[in-house]
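Take a look at the structure below.
The values are calculated or read from the model by the stated rules, or taken from the named source; none is laboratory data. These numbers come from a predicted model, not from an experiment. Ideal geometry is used to build each Cβ from the backbone, glycine not excepted, and the neighbour counts take in all protein chains shown.
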Amino acid sequence: MHKIFVLLFIGSLALASYSQESKSNNFNFKNSVQIEAGGHGLFYSLNYERVIFNGSSFKTAAQCGLSYYPKKTGIRDFWMPLVINELFSFNKHHIELGAGYVLIREASRDLDGNLESWFWSGILTGRLGYRYQMPDGRINIRAGFTPFLEYEDHNYEFHPSGGLAIGYCF
């Protein structure tokens, strides 16, 4: 499953590098950093996003985020969401549709809470959301439905989630 997502991610980057860009409604800044409450990092995440295709009506962005939770929270320790979002643009209003994978590093602990080992797992995720961003603006505001689909013990579990984010573009 990890290999499939990595191949899709690299393939989208390669396709976007050969695309022509229109100048009418493009973002002037292709990079942004965002802080998100909720969303792909569960309770919070710090994200970096890069617009890899910047058309007038359609934009494609790759996003990577990080979240860390101390052991006393009882939450899986380290979350790294990797998401590809497609933006459908209407001047400063954008609809986001995305898919991704959240890499999770977990700690195995004994009954006293002592660390025994680290291991990686993952969860599929998606995004259906709204973004407000002016084409020449440095601030973006996002709200979205960001569900998780987890496969564990031969069962799929659906976990609805949502997030609010504010970002700075550069």
Determine which member of the set 48, 44 is buried (at least 16 other Cβ atoms within 10 Å of the Cβ) and either over 17 Å from residue 95 (Cα atoms) or of a type in the set (Val, Ile, Thr) (or both). 44
For residues that are surrounded by 15 or more Cβ atoms within 10 Å (Cβ to Cβ) and out of contact with any Asp or Glu (no Cβ under 9 Å at 6 or more places or on another chain), scanning just the range 68-80, find the one that is nearest to residue 49 (Cα to Cα). 80
Residues satisfying the stated conditions in the range 116-143, i.e. among the small types (Gly, Ala, Ser), surrounded by 13 or more Cβ atoms within 10 Å (Cβ to Cβ) and over 24 Å from residue 43 (Cβ atoms): 137
All positions within the range 91-110 that are among the hydrophobic types (A, V, I, L, M, F, W, C) and modelled with pLDDT of 90 or more: 95, 97, 99, 102, 103, 104
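Can you say whether residue 113 is touching a helix residue (DSSP H, G or I) at 6+ places or on another chain (Cβ under 7 Å), at pLDDT below 95, surrounded by fewer than 16 Cβ atoms within 10 Å (Cβ to Cβ) and more than 15 Å from residue 167 (Cα to Cα), as far as the supplied structure shows?
On the way: touching a helix residue (DSSP H, G or I) at 6+ places or on another chain (Cβ under 7 Å): yes; at pLDDT below 95: yes; surrounded by fewer than 16 Cβ atoms within 10 Å (Cβ to Cβ): yes; more than 15 Å from residue 167 (Cα to Cα): yes.
Criteria met by residue 113.
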Return the residue satisfying two criteria in turn: it lies in the range 104-160 and is charged (D, E, K, R) and outside any strand (DSSP E or B), and of such residues it is nearest to residue 54 (Cα to Cα). 136
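Identify the residue in the range 81-110 that is small (Gly, Ala, Ser) and touching a residue at least 24 places away in the same chain (Cβ under 8 Å) and, among all such residues, is surrounded by the most Cβ atoms within 10 Å (Cβ to Cβ).
Step one: list which residues in the range 81-110 are small (Gly, Ala, Ser), which gives 89, 98-100, 107-108.
Right, trim to touching a residue at least 24 places away in the same chain (Cβ under 8 Å) and you get 89, 98-100, 107.
Numbers: 89: 21, 98: 21, 99: 14, 100: 24, 107: 15.
Applying the filter and picking the extreme gives 100.
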